[in-house]
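K.L.:
The structure that follows is given in the form of structure tokens.
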Amino acid sequence: MQSAHRIAASLLAGLLACGSVRASVIEVLHAWDYGDDGKAVDVLRSAVTQKGHTWKEFIVAGGGGNGMATAMLESRVLSGNPPSAAQVRTPDIAKWARQGKLASVDAVAKAEHWDALLPSVVRNAVQYDGQYVAVPVNVHRLNWLWINAQALKRARATAPSTWEQFFDTAEKLKRAGYVAVAHGGEQWQDSMLFETVALGVGGADFYARALGEFDPEALSSDTMLRVLLTFRRIKQYTHSKGTVRTWKKASQTLVDGEAGMQFMGDWAKPMFLQAEKRGGWSFECVPAPGSAREFLFTTDSFAIFKLADASRTQAQKSFASVLMSKAVQARFNQAKGSIPARLDTDSSQVDRCGAVAGAAYRRAAQSGGLIPSMAMSVRPALELRMPEIISAFWRDERVTPAMTMSRLVQATRRQR
């Protein structure tokens with residue numbers, strides 16, 4: 001049986017290598033905005049069309065955060081007309097697989113040795129019942145702290161690695177006339193900052209128990225109290241006049257010299273690199289306080305849906321191979337700001353922050369410090385409720401830590 005699998009894998013590898021898979025239409029659902037992510041999407045489209053396939057887009061810009069993409073995908077799948085592939089969250093990959101709607105690309109994965117290329121925690125996100133049913137194109141590191149280098153110098157401060165150092169730096173930036181911490185007004189930004197603080201204050205084991213397993217004891221512990229108090233303490237160093245609504249506007253305040261630091265995922269990096277290239281501005285990228293050994297991440301993955309058309313099914317295998325190829329992942333992630341999901345990244349071909357991220361990713365994969373974000377495990381109802389609870393605590397001083405811990409325990413009861 002194993003010999004037969006090896007022969008099949010070898011035949012598939014040969015077909016993919018010589019480009020003899022029949023060209024077909026590949027319809028792709030994604031929620032990327034062409035304003036921010038256009039170059040990254042162009043990399044994927046170009047790579048697919050170079051194989052002779054037709055790239056057909058089914059786009060819901062911003063849909064990853066407003067539920068529209070999920071609703072439209074459900075309508076298509078349940079009506080018997082799914083796209084070839086769809087950018088979906090990890091819980092949705094599992095949901096569609098349980099319903100028998102996803103196709104296996106295990107033959108491609110075996111032929112191309114995906115098991116050796118992906119850390120186990122990433123493999124688990126794109127497999128169901130031991131079979132690959134989705135393709136990861138990247139990993140986004142969430143626990144970054146971005147710093148305006150000029151502001152840091154003028155404030156006579158240093159890049160922090162601990163929370164004590166962070167608040168010392170924030171105070172110096174504030175006294176020097178800067179908004180110490182740029183932060184937007186969207187609930188997901190509050191939630192992501194909370195996750196970063198939870199990891200940095202509580203550590204990996206606590207994070208896993210509280211925001212991975214939703215253990216009520218961890219959610220109501222003294223450690224969670226310290227997390228909440230640290231989280232709220234940051235607020236005094238954010239914008240006091242009005243609310244910066246988007247992460248991009250918040251990032252721009254660093255570039256404009258208004259703000260000194262920002263907690264944000266690596267999708268902010270392309271903006272900072274472009275500003276640096278224009279000259280007169282520079283930045284630093286360091287792990288968020290207390291989390292240098294951990295890599296808090298999400299991944300953009302494409303679920304592969306079952307299709308009735310045999311030619312399109314073969315094209316899906318080609319699509320999976322293209323997305324996981326070393327060259328395509330390198331080019332895509334240079335444009336996106338993230339790093340390849342593959343562990344064999346060539347750090348000499350990326351920017352300095354990408355090199356730091358790649359090294360941290362490989363170390364964390366070895367040490368067990370590769371931590372999936374809460375968003376990779378929560379059910380849809382909880383995905384909405386958790387940010388509401390966290391934002392209520394962030395925005396309203398009347399909401400106490402005890403109230404918040406009680407709300408978290410109640411909200412996550414059905415998740416466990």
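We did not get these values from a lab; they are worked out from the coordinates using the rules stated. Just so we're clear, the structure is a prediction, and the values are computed from it rather than from any experiment. We place every Cβ from the backbone using ideal geometry, glycine too, and count neighbours over all the protein chains shown.
K.L.:
Taking the Cα centre of region 190-247 as the origin, how large is its charge dipole in debye, to the nearest 20, when only Lys and Arg (+1) and Asp and Glu (-1) carry charge on their Cβ atoms?
P.N.:
Charge dipole, region 190-247, about its Cα centre: 540 debye, nearest 20.
K.L.:
Determine the gain in length on full extension of the stretch residue 359-residue 34; use 0.36 nm per residue of separation and subtract their C-alpha separation, reporting nm with one decimal.
P.N.:
114.1 nm
K.L.:
Right, next: How large is the convex hull of the C-alpha atoms of region 341-416 per residue, in Å³?
P.N.:
So the per-residue hull volume is 149 Å³.
K.L.:
Taking the Cβ of residue 276 as the centre, find all other residues whose Cβ is under 13 Å away and add up their charges (Lys, Arg: +1; Asp, Glu: -1).
P.N.:
In short, +2.
K.L.:
What 222 nm value per residue comes from the helices of the chain, counting each DSSP H run with n ≥ 4 as -39,500 (n - 2.57) and dividing by all residues, nearest 500 deg cm²/dmol?
P.N.:
Mean residue ellipticity, 222 nm, calculated: -16000 deg cm²/dmol.
K.L.:
Assigning unit charges at the beta carbon (Lys, Arg +1; Asp, Glu -1) and nothing else, what dipole magnitude in debye, to the nearest 20, does the chain show about its Cα centre?
P.N.:
That gives the chain a dipole magnitude of about 260 debye.
K.L.:
Rounded to two decimal places and with Rh computed the Kirkwood way over Cα pairs, what is Rg over Rh for the chain?
P.N.:
The Rg/Rh ratio comes out at 0.98.
K.L.:
Which residues' amide hydrogens lie under 5 Å from the amide hydrogen of residue 141, considering only partners 5 or more residues apart or on another chain, with H built in the peptide plane?
P.N.:
Residues meeting the criterion, in which the H sits 1.01 Å from N, are 266, 339.
K.L.:
When the Kirkwood hydrodynamic radius is evaluated over all pairs of different C-alpha atoms of region 192-282, what value in angstrom, to one decimal, is obtained?
P.N.:
Answer for region 192-282: a Kirkwood hydrodynamic radius of 15.1 Å.
K.L.:
Would you check region 37-182 for Lys pairs whose C-alpha atoms are within less than 20 Å, ignoring same-chain pairs closer than 8 in sequence, and give me the count?
P.N.:
4
K.L.:
Got a sec? Charge dipole of the chain, +1 on Cβ for Lys and Arg, -1 for Asp and Glu; which of 370, 166, 259 is way out at the positive end?
P.N.:
259
K.L.:
Going by alpha carbons, how many degrees (0 to 90, nearest 10) lie between the helix axis of 187-207 and the longest principal axis of the chain?
P.N.:
90
K.L.:
To the nearest 0.05, what FRET efficiency results for residue 352 and residue 313 with a Förster distance of 60 Å applied to their C-beta separation?
P.N.:
According to the calculation, E is roughly 0.90.
K.L.:
Can you give the extra length, in nm with one decimal, that the chain gains between residue 153 and residue 115 once fully stretched, where that is 0.36 nm per residue apart less the Cα-Cα distance?
P.N.:
9.2 nm
K.L.:
Could you tell me the center-to-center distance, by alpha carbons, between region 252-330 and region 75-97 in angstrom?
P.N.:
Here the answer is 22 Å between Cα centres.
K.L.:
Now for a different question. With a Förster radius of 41 Å, plug the Cβ-Cβ distance of residue 413 and residue 101 into 1/(1 + (r/R0)^6) and report the FRET value to the nearest 0.05.
P.N.:
Computed FRET efficiency for residue 413 and residue 101 comes out at 0.90.
K.L.:
Now a separate question. Compare 203, 100, 265 in a GNM of the chain, Cα atoms joined below 10 Å, and give the one with the largest fluctuation.
P.N.:
100
K.L.:
If packing is taken as the average number of other Cβ atoms within 10 Å across a peptide's residues, how do 248-254, 79-85 rank, most packed first?
P.N.:
Ranking the peptides 248-254, 79-85 by packing returns 248-254, 79-85.
K.L.:
Enumerate the residues in region 352-376 having an amide nitrogen under 19 Å from the point lying 7 Å beyond the Cα of residue 188 toward its Cβ.
P.N.:
So the set is 372-376.
K.L.:
So which residue, out of 209, 342, 278, gets the largest mean-square fluctuation from a GNM of the chain using Cα contacts under 10 Å as springs?
P.N.:
Looking only at 209, 342, 278, the biggest GNM fluctuation is shown by 278.
K.L.:
So, with +1 on the Cβ of K and R and -1 on the Cβ of D and E, and no other charges, what is the size of the charge dipole of region 74-114 about its Cα centre, to the nearest 20 debye?
P.N.:
The calculation lands at about 140 debye.
K.L.:
Using alpha-carbon positions, what is the distance between the centroids of region 101-170 and region 202-246, in Å?
P.N.:
Here the answer is 20 Å between Cα centres.
K.L.:
What distance in nm separates the two pseudo spin-label positions at residue 233 and residue 281, each 7 Å out from Cα along the beta-carbon direction?
P.N.:
My value for the distance between the label points is 3.0 nm.
K.L.:
Under a plain spin-label model, where a point goes 7 Å from the Cα along Cα-to-Cβ, how far apart in nm are residue 292 and residue 367?
P.N.:
Calculated label separation equals 0.9 nm.
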